[in-house]
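No lab work stands behind these numbers, since they all come straight from the coordinates. Values in this document were obtained by computation on a predicted structure and should not be read as measured data. No Cβ is skipped: glycine too gets one built from the backbone with ideal geometry, and neighbour counts run over all protein chains shown.
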Amino acid sequence: MSASDHFVPLNLCVLTVSDTRTAANDTSGDYLCAALTQTGHRLQGRRLCRDDCYRVRAIVADWIADAAVDGVIVTGGTGFTGRDSTPEAIAPLLDKQMPGFGEMFRALSYEEIGTSTLQSRAFAGLANATFVFCLPGSTSACRTAWEKLLCAQLDARTQPCNLAGLKPRLSEK
């Protein structure tokens, strides 16, 4: 879909998945909430959850079931440790995967952290006409994802096309 001539605010939710972060030290969640609201989007919801596959899945499932939510950004739980379970929690909820997001994120991260980017299982997709983006837990990774991918793609004015412009057509059958 082509770009719009005006900004269209989206209702976005942020979930931090972590066994160590609290509301007092959730710098990644704080960054994402500030970045999206400063851009003009609306923070529809924010949660912090321990790295538990079923709790993470339940929170995201509630958000994607809410017609008022346009997108969900999850930070954390995308690594390789035994507790990292965000991909396993979220993937079953997706109607469509967005392979280009993870590929682009890792390509951009390579410029910043070299081959360490291969440890990232960042991914995105579509669930019930809701965008879902799963990012690593580091604040620098969230900044890379927002500034180099999400900010532009969630802006209806981005040319030649953007995800925001697809929103009205996501429920087509």
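Can you tell me which residue is farthest from Val14 (Cα to Cα) among those in region 127-139 that are hydrophobic (A, V, I, L, M, F, W, C) and surrounded by 19 or more Cβ atoms within 10 Å (Cβ to Cβ)?
Applying the filter and picking the extreme gives Ala127.
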Point to revise | Residues that are charged (D, E, K, R) and not in a loop (DSSP other than H, G, I, E, B), drawn from region 71-125 | key: Glu88, Lys96, Glu103, Arg106, Glu111, Glu112
Revision key, fill the gap. Per the list (1) hydrophobic (A, V, I, L, M, F, W, C); (2) under 14 Å from Arg57 (Cα atoms); (3) under 12 Å from the mean Cα position of the chain (by Cα), residue check on Leu93 breaks on (3)
Practice item. Kindly list the number of the only condition in (1) of a type outside the set (A, V, I, L, M, F, W, C); (2) crowded, with 16+ Cβ neighbours inside 10 Å; (3) under 23 Å from Ser116 (Cα atoms) that fails for Thr20. Key: (2)
Check your understanding: What is the number of the single condition among (1) in contact (Cβ under 8 Å) with a residue 60 or more places away in the chain; (2) closer than 19 Å to Leu163 by Cβ; (3) among the hydrophobic types (A, V, I, L, M, F, W, C) that Ala65 does not meet?
Key -> (2)
Exercise for review: Taking the options Gln97, Gln119, name whichever one is farther than 22 Å from Thr27 by Cβ and polar (S, T, N, Q).
Suggested key: Gln97
